[in-house]
Each structure stands twice: as structure tokens, then as C-alpha cells.
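First up is the structure itself, then whatever we jot down about it.
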Amino acid sequence: ALARAAGLATGERGGVFVDDRCRTSDEHVWAIGEVAALQGRTYGLVAPGYAMAEVVADRLLGGRATMTPAELDMSTRLKMLG
């Protein structure tokens with residue numbers, strides 16, 4: 001709701017559309033993790049969020065990193081006590 005109110009492009013089922021640099025439709029706003037819809041798809045895992053954060057950090061420092069769904073680690077780990 002906040003993204004829509006701000007005028008950002010969003011998906012029909014949620015998520016803020018981002019490009020391969022994790023930028024939204026407003027070039028001054030970035031989105032990562034469960035909020036970001038990379039190529040129209042959101043990822044509810046922590047590893048893709050970390051990868052997106054690395055891209056944004058690189059871009060903020062003047063780098064040229066990009067993100068594609070093929071680069072995302074979609075594996076998960078189950079941790080149990082005992």
C-alpha cells in the first residue's frame with residue numbers, strides 16, 4: 001500500500017517492481033528482499049534478499065553489479081534444535 005501511495009510500480013499480487021539493479025520505477029528508490037519483484041516475481045527467502053542487498057551496496061559505491069533470477073540461490077536449510 002505504501003509503494004502504491006508513493007506512485008511506485010507494483011505487481012498485481014504485491015511486490016515493488018525492480019530492474020536488474022534493484023531500482024524501482026523511481027530511480028531514487030531501491031527495493032530488496034520480499035518487497036522486491038525482480039522480473040515480476042518476489043522471493044520469500046533470505047538468500048535472494050542478501051544477493052539483492054549486495055547489488056544495491058555495489059551500486060551505491062559506484063559499481064556495476066546486476067541481478068538476474070538465474071543468479072539467485074533458491075535453496076533453503078532447515079535448522080532444528082536437538
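The values are calculated or read from the model by the stated rules, or taken from the named source; none is laboratory data. Since we're looking at a predicted model, the values are computed, not measured. Surface areas here come from the heavy atoms of the whole protein model, side chains and all, with no ligands, DNA or RNA. Shrake-Rupley method; radii C 1.70, N 1.55, O 1.52, S 1.80 Å.
What percent do you get for the relative contact order of the chain when only Cα pairs under 8 Å and 6+ apart count? Relative contact order, the chain: 22 percent. Between Glu71 and Arg41, the contour length at 0.36 nm per residue exceeds the alpha carbon distance by 9.4 nm. The angle separating the long axis of helix 46-60 from the principal Cα axis of greatest extent in the chain is about 40 degrees. Surface composition of the chain: carbon plus sulfur atoms contribute 52% of the solvent-accessible area (1.4 Å probe, protein chains only, all chains present).
For Asp26 and Met80, the difference between the fully extended length at 0.36 nm per residue and the C-alpha to C-alpha distance is 15.3 nm. Just checking the listed ones, Gly14, Gly40, Gly62: in the Gaussian network model of the chain with Cα springs under 10 Å, the one fluctuating most is Gly62.
Per residue, the chain exposes 72 Å² of accessible surface when a 1.4 Å probe is rolled over the protein heavy atoms with every protein chain present.
Among Val16, Val46, Val29, the residue with the largest mean-square fluctuation in a Gaussian network model of the chain, with springs joining Cα atoms closer than 10 Å, is Val29. Shown for the chain is the translational diffusion coefficient from the Stokes-Einstein equation, using the Kirkwood radius over Cα pairs, a temperature of 37 °C and a viscosity of 0.692 mPa s: 248 µm²/s.
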